[in-house]
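Written out below as structure tokens is the structure these notes cover.
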Amino acid sequence: MSMQHVPSHRRVVVGVDTHKHVRVAVAVDELGAVLDRRSFAADSGGYGQLIDWGESFGGKLTFGIEGTGSYGAGLAGAVRHRGVGTLEVMRTDRRDRRLRGKSDTIDAENAARAVLAGLATAVPKSADGTVEMIRQIKVAKDVAVKARTSAMISLKQVLVNAPDDLRQELQPLTKMALIHRCAALRPGRVTSIIASTKHTLRSIARRWEVLDTEISDHEKLLAELTSLVAPDLAKALPSDPTPPRRCSSSPATTPNASARRPRSRDSAASPRSRRLRA
């Protein structure tokens, strides 16, 4: 379809379907007529070409972009820096896509029509401020916390199958004492089961210590960034954002607590017998 020009007072919406290597765009005027369809590379040069192409129609331009939190983030930022209006469009429901057919061009056109119909009203996040920095560091911290938990589980699994003398020496220790003792083990030459077990325990324990230090660094940085954007919230947070979890349960929360707890005469009696006694 050849490119068309519209009067300056008419609205033009460019819907964009985003992928890893390509951006498929469809331009639609305010009456719903398709003006043109194009594909652009998913890089800074392609972003500039796409925006220039959208501005060439001459109307009041608005972009409706899918996936502004993933593949469409770069394009949304480029459009915003040009001073052009941008709206985030939710991806089409899978059931509707199966009924109408799957096509990148159709998805881009649906994105443009969603903006025209007023179904897309969310403004994409800027993803370039302190809040985005906090989000990224939080991702790194969460990955480290998950790896630290996995390391502790693996260490205890190895300890269960350890030789009797080594297991009896290490099992009574608390978590931190166990970590430090295992990290200081000296397996020597790995020529026996006990030496290989010590080597494995030391390796996992040292990995846990490295991850624990990394998590502490992430928490300090998160606290600094949070104090910049929300100082009142930072003051309200505890000094230790991630206190260690307690593995033991109180007697009231154990599965058999109700069975072990003695029942009083009043609780054992029926409501009718209690009324008669009263």
**Study point:** segment 88-119, residues that are of a type in the set (A, V, I, L, M, F, W, C) and either at pLDDT below 80 or open to solvent by 30 Å² or more (accessible area, probe 1.4 Å) (or both)
**Key:** MET90, LEU99, ILE106, LEU116, ALA117, LEU119
Exercise for review: Of the conditions (1) surrounded by 13 or more Cβ atoms within 10 Å (Cβ to Cβ); (2) touching a residue at least 24 places away in the same chain (Cβ under 8 Å), ARG202 clears all except one; give me its number.
Suggested key: (2)
Check your understanding: farther than 16 Å from ARG148 by Cβ and at pLDDT 95 or above - does that describe any residue in segment 202-213?
Key -> yes
Check your understanding: Taking segment 12-53, which residues are at pLDDT 90 or above and of a type in the set (Lys, Arg)?
Key -> ARG23, ARG37, ARG38
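The values are calculated or read from the model by the stated rules, or taken from the named source; none is laboratory data. On a predicted model such as this, the values are computed, not experimentally measured, just so you know. Here Cβ is always computed from backbone atoms with ideal geometry, including for glycine, and neighbour counts include all displayed protein chains. The area values use the complete protein model at the heavy-atom level, side chains included, leaving out ligands, DNA and RNA. Shrake-Rupley method; radii C 1.70, N 1.55, O 1.52, S 1.80 Å.
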